[in-house]
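Just so it is clear, none of the values below were taken in a lab; they were calculated from the coordinates. Here the structure is a predicted model, which means the values were calculated and not measured. Note that we place each Cβ from the backbone using ideal geometry, even for glycine, and neighbour counts take in every protein chain shown.
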Amino acid sequence: MENANWLEKFFGYFKYEDGLFAHYKDDGVSDPYTDYRQLLWIVIMPFLVWAVYKYFINRQVQAKRWVIGLSIALIISRVYENSAEVIFGREDILWLFPYHMCGISSFAVPIVALFNIKKLKLPIYTIGIMGGIITVLIGETFTSSFTTFYALQSVFMHTLLIIIPVIEHARGEFRFDIKQSWTIFPIMLLFISWAAIGNRIFFAGDNTNFMYLDESGLPGGFGGSYYFGVYIIIFIIMYSLFFVPPWFRQRKKLNI
């Protein structure tokens, strides 16, 4: 593996000591928050979201075309990644299906956008944005000093989980309506149930930890035995940031 050339490291899968196949990785990153790639991603995302929203808010026709193009690109990217896990990673065929929140969202977000499923836009887009933001912040993408194709693909996919809804918001296709925010909870419950099925039935004993239901997925295992309570706090904070400001603005308009 160490003798592999750059192209092989960038695209290839390798057999490790545990007998499993995975894309190239080394021990070059001990703390993602000291890695320039992770820090750059964190810094760029707010400016990218602002720029995308400002650009498309008065370009409705272009916005629709971009949503279609980015949605197709996201689906193709996810299908390739899941297929690579099975074909090159020698994984079970059940790995063709997504089980993590962002994995599920990377199919759900573009499908909802492409087929214009209005009733699902608020819950699916909100969950997609939450998943994208959490991934940007927790630093689980760059675990190796060598940047593989799959790390870049992860950045691409998680960025689109945020950008596609932002464009849809700019073109007025959905808004953070607190009265309809209840729809997030049954969809989230479906996501959690599917991840639990993956953990407990499809891959029982494989320590898959889909959606980080079995143990903390936060940096350093933060939260310990109370990690799920930390998840709930994070959800409440993000929910409040998305839905409370628009609610206040709407109330202010009504009182004028």
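Brief remarks follow.
- Helix 118-138 and the longest principal axis of the C-alpha atoms of the chain enclose an angle of approximately 50°.
- Förster radius 45 Å - calculated FRET efficiency between N3 and S181, Cβ distance, rounded to 0.05: 0.25
- Cross-link partners of K252 among lysines (Cα-Cα below 29 Å; sequence separation of 8 or more within a chain): K54, K118, K119, K121, K179
- For the pair D27 and I233, a Förster radius of 25 Å applied to the C-beta separation gives a FRET efficiency near 0.20, rounded to the nearest 0.05.
- Principal-axis tilt of helix 227-255 within the chain, Cα atoms, nearest 10 degrees: 20
- Rh by Kirkwood over Cα pairs, then Stokes-Einstein D for the chain at 0.692 mPa s and 37 °C, µm²/s: 167
- Scanning residues 5 or more positions from H23 or on other chains, those with amide H under 5 Å from its amide H are F14, with H placed 1.01 Å from N in the peptide plane.
- With one equal scatterer per alpha carbon and no solvent term, the Debye-computed log10 I(q)/I(0) for region 36-136 at 0.11, 0.23 1/Å reads -0.41, -1.33.
- Exposure proxy ranking, count of Cβ atoms within 10 Å, fewest first, for E173, E168, E215: E215, E173, E168
- Across N209, N116, N82, mean-square fluctuation computed from a Gaussian network of the chain (C-alpha pairs under 10 Å connected) peaks at N116.
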